[in-house]
Each structure stands twice: as structure tokens, then as C-alpha cells.
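Heads up, the thing below is written out as C-alpha cells.
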Amino acid sequence: MSRSEARTADAWRSYDRTALGVAALGLLALLVLWLLGYGPNQMGCCAVSTVATPAAVLPVAPPAPVAALTPEPVKAEPPKVEPPGVAAAGPARAPVDCSKLAAEGVTVNFAFASAVLDTQAHAVLDEFFACLNEGRYEVAGHTSSVGDATLNQRLSVARAQAVVAYLVGKGLPASRFVGVGFGQTKPIANNDTDEGRAKNRRATLTRLS
């Protein structure tokens, strides 16, 4: 063997020793990793990559439809029907002419032997009530000629007093009225007829001032 060939053989043997040393160090490193718990199954290089399964997505129910707001129907009031037999109200009454009271006075009539004001007498006095807000008035009671004159005198006074009491009850001062009774002494109609006697059973209001 030549000298060059001997050097080549030595070089290969040196290379083989180096390779074996590197291989031994690699095995030793793998053993150390194994002992430390970094075996092939735990190492990232050998682990089988897994694809994460996405979590199941639950279907979301659509929102419940909102009912449209419907306005509450308005109940129509039934037309008012005038009950049968009831007359519609007439036109407003014209204001009373108070000059009639000043010129003629006011007269109310009574039933036979009575000093009670009836419905018609109330209506007459109510009609002229607004005219009585001023002045003083004489209230004179009268009777027909039927019966005793003394009793008729008392009856005429009672009739005058009934008129004054009614007006005072409506709020007028009693001091504005002078009540007198003339009995059967001042008739305005014939006492020989029923119609005439009915007119004489009266009380009159006459303005004094």
C-alpha cells in the first residue's frame, strides 16, 4: 500500500468515528428527552395535527312578529229620541213690560172662601217678580158679597197676607209691601153672577212709589 492510500484509509476511519460520535450524541439527546417526558408522542414534530371541530351552532328563532296596534272602536251614542207626548220647548218668552205693573197693577184670583194661592196665581206673581226690585207696593185683598161682611173682611186681609208672604219667600223685603183688606166693599164686577163674583175674589198689587 502506498503512502497516499494509507492516508486515505486513515481519513475514512476518522470520518467513521466522527459520524458514530454524532450518532451517539443524537441517541443520547433523544434518550434524555424521553426521560424528561418529551417523547415522540408529546413532541410537536411528531404529533398528529388535528382540526378542531367547530361547536354546533344552535338555530336562532326569528323574533315573534309584533301585532299591529288597532285603535279601539268608538261606540257611537244612539241618537236621542224625544219621548212621545213631550212637546219640544217653545221659543223663549219675551221679557215682561214692567210699565204694565206701574199703570194697571197685578191681579191674582182666589177660589171661593180661600186665601190659598193656586198655580195660576204663582205664575202671575213670578212673571212680574223682576219688576218688583224697586219701589213700594200696596197689596189689597178683596172678596165677593157672598157671606158675612165681617168674615169677608178677615178673608180679604188673609188674601193680601198670602201674596206678601209669597213674595217675601222669594227674597223681597217685607218692608216694601203694605197689606190691606177691603172685604166686599170694592167690587170690580157684578156680584149677581158667578163670573162677576169670581173676578171680585182677588188680590191686587199697586205701586205706591
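Nothing in this text is a laboratory measurement; each read-out follows from the coordinates by a stated rule. Fair warning: this is a prediction, and the values are worked out from it, not measured in the lab. Note that each Cβ is placed from the backbone with ideal geometry, even for glycine, and that neighbours are counted across all protein chains shown.
Condition first: in contact (Cβ under 8 Å) with a residue 24 or more places away in the chain, under 51 Å from the mean Cα position of the chain (by Cα) and surrounded by 12 or more Cβ atoms within 10 Å (Cβ to Cβ). Now tell me which residues in region 161-185 satisfy that.
161, 162, 163, 164, 166, 167, 172, 176, 177, listed by residue number.
Hey, does region 186-208 have a residue that's in contact (Cβ under 8 Å) with a residue 60 or more places away in the chain, surrounded by fewer than 15 Cβ atoms within 10 Å (Cβ to Cβ) and touching a strand residue (DSSP E or B) at 6+ places or on another chain (Cβ under 7 Å)?
Looking for residues that are in contact (Cβ under 8 Å) with a residue 60 or more places away in the chain, surrounded by fewer than 15 Cβ atoms within 10 Å (Cβ to Cβ) and touching a strand residue (DSSP E or B) at 6+ places or on another chain (Cβ under 7 Å), one finds at least one in region 186-208, hence yes.
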